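Visitor: If you scroll down you'll find the structure; I have some questions about it.
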Amino acid sequence: MPTAPVTTVKALGFLREKAAGDTSGPPVFRLSNGVLDRHRDRVRPASISVEEYNANNVLLWNHDDCQPAIGTARVYRDGEEWLMEPSFDLIGDLSKEVAAKVTAGTLKSCSFKFVIDGYEPNAEGGLDYTAVRVVEVSITNVPANQESLRLKNNTPPTPAPEDTTPPPPPPSKALEQADLDAVSALLDEKLAPIVAALQALTDEETTEMEEPAPPAPPPPSEAELAAKSFTAVLQGRK
């Protein structure tokens, strides 16, 4: 029966294929997906623990821990896959070179080193790892898992622009003749008292205007004029 060492390195990760024409956003690698690798081994998705790695999440080149780290990585589970999103610090030539080759698509694979806490033999002649602790993640040249490829660029979806077009007005309904007749009858009924009152006022004003004026008094006679003059003379002598 095969036995496992205390620690091992599994090149299980490939760079996810990015969408056509998509050059934005950080790359995302498939770190592990539970399939059988070229060594007939399998790392079950539920067996992987990243708590220890997250405390010191350095990203290395080809598992060379004698070289300074080229950046950091975020390792997380997505369903039955474990994904790795690298962040290159671009400090030093090695980090810049590896980052550029990942962007160019020359380097497509990654792998991780883990401590084995549990395993069992599988029917294919290898081992199924039932409990492992990830301690290191690397960008590599060649993986062990042929299905582990770069998946994509992790670019958040662009929200659709808000539609500011005002909604169209509701369709208008042309009134039919029966509707027009009903409206006209209702208006006639409501306006009848007002029309009657206005007509009464108009009739009253017309009647007042048609009444004959009183006759003018006749002019005074000569005798009346002479009497008025005599009376005025007498009053002046007093």
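Visitor: Restricting the search to region 88-116, which residues are within 15 Å of Tyr53 (Cα to Cα) and either among the β-branched types (Val, Ile, Thr) or surrounded by fewer than 18 Cβ atoms within 10 Å (Cβ to Cβ) (or both)?
Guide: Scanning region 88-116 gives Val115, Ile116.
Visitor: Here is a follow-up. Is it fair to say Pro193 is loosely packed, with under 10 Cβ neighbours inside 10 Å and at pLDDT below 80?
Guide: no
Visitor: Against the definition (of a type in the set (S, T, N, Q), at pLDDT below 90 and not in a loop (DSSP other than H, G, I, E, B)), how does Thr8 come out, yes or no?
Guide: yes
Visitor: Further question on the same structure: Quick check on region 79-98: of everything there that is of a type in the set (A, V, I, L, M) and at pLDDT 95 or above, which residue is farthest from the chain's Cα centre (by Cα)?
Guide: Leu94
Visitor: How many of the residues in region 38-72 are out of contact with any strand residue (DSSP E or B) (no Cβ under 7 Å at 6 or more places or on another chain) and in a helix (DSSP H, G or I)?
Guide: 3
Visitor: If you don't mind, another one. Quick one: count up the residues across region 61-83 that are touching a Pro at 6+ places or on another chain (Cβ under 9 Å), surrounded by 15 or more Cβ atoms within 10 Å (Cβ to Cβ) and not basic (Lys, Arg).
Guide: 6
Visitor: Examine region 116-125 for a residue that is under 23 Å from Gly25 (Cβ atoms) and either at pLDDT below 95 or of a type in the set (Ser, Thr, Tyr) (or both), and state whether such a residue exists.
Guide: The answer is no; no qualifying residue exists.
The values are calculated or read from the model by the stated rules, or taken from the named source; none is laboratory data. Because the structure is a prediction, the values reported are computed rather than measured. Please note: Cβ atoms are built from the backbone with ideal geometry, for glycine as well, and neighbour counts cover all protein chains shown.
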